[in-house]
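The values are calculated or read from the model by the stated rules, or taken from the named source; none is laboratory data. None of the values given here were measured: they were computed from a predicted structure. Cβ placement follows ideal geometry from the backbone for every residue including glycine, while neighbour counts extend to all protein chains displayed.
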Amino acid sequence: MASRNTLLRSMHDIGLASWFGGSLMGTVGLNGAASTAKNPTERLTISSAGWAKWAPVLLGSMVAHAVGSVGMLVTDADRVALQKGARTPVIAKTVLTVAAAGVSLYSAIVGSKQAKHADEGAAGATEPSASQSHELQAAQKQQKVLQWVIPALTGVLLVLAAQQGEMQRPQKGLSALLARTGLRSNG
């Protein structure tokens with residue numbers, strides 16, 4: 001029987017949950033609240049300050065998820081290699097994780113551009129106004145999309161993690177593994 005990997009699973013799950021939840025809350029809550037500031041020059045300042053405070057937690061979440069993911073993959077290598085259908089979700093999760101990390105990093109770069117131009121004011125955290133520089137308008141338009149891509153990608157990762165958890169249930173995972181290795185017959 002497979003050994004338990006509670007620490008690795010916890011790092012994987014808590015890191016991913018924090019990454020998803022924090023990104024979604026920042027998009028809806030922080031950017032939404034910052035957009036209600038009466039002074040247009042405060043809107044980007046408030047949003048940028050909030051995202052800057054979140055950045056170290058986000059980085060920790062991403063690292064915890066990555067360490068947990070790699071650790072689980074190493075400990076589950078035999079199951080992934082032998083269990084029918086196990087490789088495809090692992091590959092999909094890896095590609096999506098790299099994509100989510102890349103989008104998160106790019107969003108941070110775009111956010112730093114926004115912060116540099118915060119004194120120009122804005123209609124909202126991701127809503128440009130006509131009086132802004134073209135650089136700030138471009139950054140806000142990009143951020144308007146990026147802010148939703150991150151929770152979408154990490155949300156799909158959560159679904160795939162749940163699917164993989166189901167694949168590891170004893171009635172599916174262990175029986176299939178034993179049958180494929182010849183340690184147990186299917187008849």
Exercise. Somewhere in the stretch 112-132, is a residue at negative phi, under 21 Å from the mean Cα position of the chain (by Cα) and surrounded by fewer than 20 Cβ atoms within 10 Å (Cβ to Cβ)?
Worked result: yes
For this session: For the stretch 50-69, state whether one or more residues are surrounded by fewer than 19 Cβ atoms within 10 Å (Cβ to Cβ) and either modelled with pLDDT under 95 or not in a helix (DSSP H, G or I) (or both).
Result: no
Exercise. Does the stretch 75-98 include one or more residues that are of a type in the set (D, E), outside any loop (DSSP other than H, G, I, E, B) and within 30 Å of N5 (Cβ to Cβ)?
Worked result: yes
Problem set entry | Condition met for R169 (under 30 Å from G21 (Cα atoms) and at pLDDT below 95) | yes
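Out of all the residues in the stretch 139-153, is one or more in a helix (DSSP H, G or I), farther than 21 Å from M62 by Cα and in contact with a His (Cβ under 8 Å, 6 or more places away or on another chain)?
Let us first name the residues in the stretch 139-153 that are in a helix (DSSP H, G or I), namely 139-153.
Filter again for farther than 21 Å from M62 by Cα, leaving 139-142, 144.
Cutting the leftovers down to in contact with a His (Cβ under 8 Å, 6 or more places away or on another chain) gives us 139.
Checked the stretch 139-153: at least one residue is in a helix (DSSP H, G or I), farther than 21 Å from M62 by Cα and in contact with a His (Cβ under 8 Å, 6 or more places away or on another chain).
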Exercise. Restricting attention to the stretch 133-160, which residues are of a type in the set (S, T, Y) and buried (at least 18 other Cβ atoms within 10 Å of the Cβ)?
Worked result: T154
For this session: Would you check which residues across the stretch 60-77 are in contact (Cβ under 8 Å) with a residue 40 or more places away in the chain and over 22 Å from S18 (Cα atoms) and list them?
Result: T75, D76
For this session: Within the stretch 112-138, track down each residue that is part of a loop (DSSP other than H, G, I, E, B) and either acidic (D, E) or closer than 14 Å to T27 by Cβ (or both).
Result: G124, A125, T126, E127
